[in-house]
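Report on the following structure.
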Amino acid sequence: MRLDPPIESMLVASNSYANKVRRFSSNARLYLAFHLLTTVNAGIYGVIFNLYILSLGFREDFLGLILSISSLSVGLFAMPSAFVCDRLGRKRTLLLSSVLLAVSLLFLYNTTSQVLLVAFSIAFGMASSLSLITGSIFLLENSSAEERMYLFSMSSLIYTISALSGNMIGGFLPGILSDMFTLDADSIVAYRITLYVSLTAIIISMLPLAYMREERRMEMAISSGQLLAYKSVFGSKNARRMVLFFCLFGIGWGMSLPYFNVYLDSFLGASASQIGMIFSASQVFMVVGYFLVPIFAERVGKIRLASSVQILSIPFLLMFTFASNLLVAATGFVMRYMLMNMANPVLNSFKLEIVRPNERSMINSITWMACHTFVGVGTYAGGMMMANGWNSMPFLVTGVFYAVSAAYYYICFNKLEETA
């Protein structure tokens, strides 16, 4: 019996997907395990840390300051991270990142000093920069062209599933602790214990790194030849265009992304458990989105897909911004999150494909430096807006920059992809 064409097409696509996944290398699989554990930390941190800082008695402007400093540190340390990545090798750089991240979180979760919170926010940004620069290069070097889009999508998919787990832990653990130990669910102690769970995930994440095998040829000493290769990136028109895109993208990202949970908490009256459920729902939808990315990319093209989903996310961002009902706001948040993040596998892989192999760490560092520098600027500006009562303004500015960056990305790179 012959199946209906849509069903047959879905089965063929699923079988092809499974075949690509089975071809992942051992190193790639170990990285995915490492990535899963570090993202559990990020999921808990994303729900609780902002609320924890506010529970210490600090205002949104100080929260915006330390978040912006963290993002600026990621950007400013991006280029040194590229040198460290090439000098130490990918595996040891990831290990260094995990150790530095664990130390910085240990202090961030246990101090109430503004000076120390700022100092270890910088250390947090440095650790994040090392991981960010190294991760996508490691995936690229441990995959072939045939399964690469699937590997990057699987990395994003695992990020989503583990972030979902982290969001649920962050959302519900304070309430569980309040029942067990007669604490207030929104107390400093309940938040702090929940954050300790995230720190545990970072420590465990070092285990998969111990089993990675990295060839010596991948450990590149910093030489005059390597420095010339880095310099050549700046002479590439496509590289310069990519950097400008990430500047525009970063401002939009920084303006609103750190404040969704603050907006839900302070202006829509959502509890920590409700915020955790909303964040978790967004991750569930994101699982579907990331699964579809490589299939859609093969059919419509990577650049067209990345630009389209960013544009389509804007109406849902506006729905979130102007909603007075928590359910409507949650719907806007979930759909915006899914659509906007479907672009990530393309953004993270395509920028590495437009340069030579010895230029990958530099283009990765330059783009992330540009992105996170402007994320930091946007985050501080967004925090100041909210502290002064302009609660909707950061989200509106984000919509404008997302529209501009998506159009720019399509104009600059669609013909390049078609030519390739």
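Bear in mind that the values in this text are calculations on the coordinates, not laboratory data. Everything quoted here is computed from the prediction, not taken from an experiment. Cβ coordinates were reconstructed from backbone atoms using ideal geometry, including for glycine residues, and neighbour counts include every protein chain displayed.
Some notes on this structure:
- Each Lys and Arg Cβ is given +1 and each Asp and Glu Cβ -1; about its Cα centre, segment 135-196 then shows a dipole of about 60 debye.
- Computed [θ] at 222 nm, helices only, for the chain once each DSSP H run of length n ≥ 4 contributes -39500 (n - 2.57): -28500 deg cm²/dmol
- Euclidean distance between Cα centres, segment 387-407 to segment 238-252, Å: 17 Å
- Under 23 Å from K91, Cα to Cα: lysines that are on another chain or at least 8 residues apart: K351
- Remark: the S178-L244 segment gains 19.0 nm on full extension, using 0.36 nm per residue and subtracting the alpha carbon distance.
- Only helices reaching 24 angstrom along their own axis (Cα) with mean Kyte-Doolittle hydropathy no lower than 1.6 count here, and for the DSSP H runs of the chain these are 114-141, 188-204.
- Which of L105, G125, L209, positive extreme of dipole for segment 68-222 (C-beta unit charges): L209
- The order of F291, F124, going from fewest to most other C-beta atoms within 10 Å of their C-beta, is F291, F124.
- Gain in span if fully extended, V99 to L416, counting 0.36 nm per residue against the direct Cα distance: 110.2 nm
- Amide N proximity, segment 69-93 versus A387 label position 7 Å along Cα-to-Cβ, cut-off under 18 Å: 69-73
- Structure remark: mean-square fluctuation, Gaussian network model of the chain, C-alpha springs under 10 Å; the largest value among K237, K351, K302 belongs to K237.
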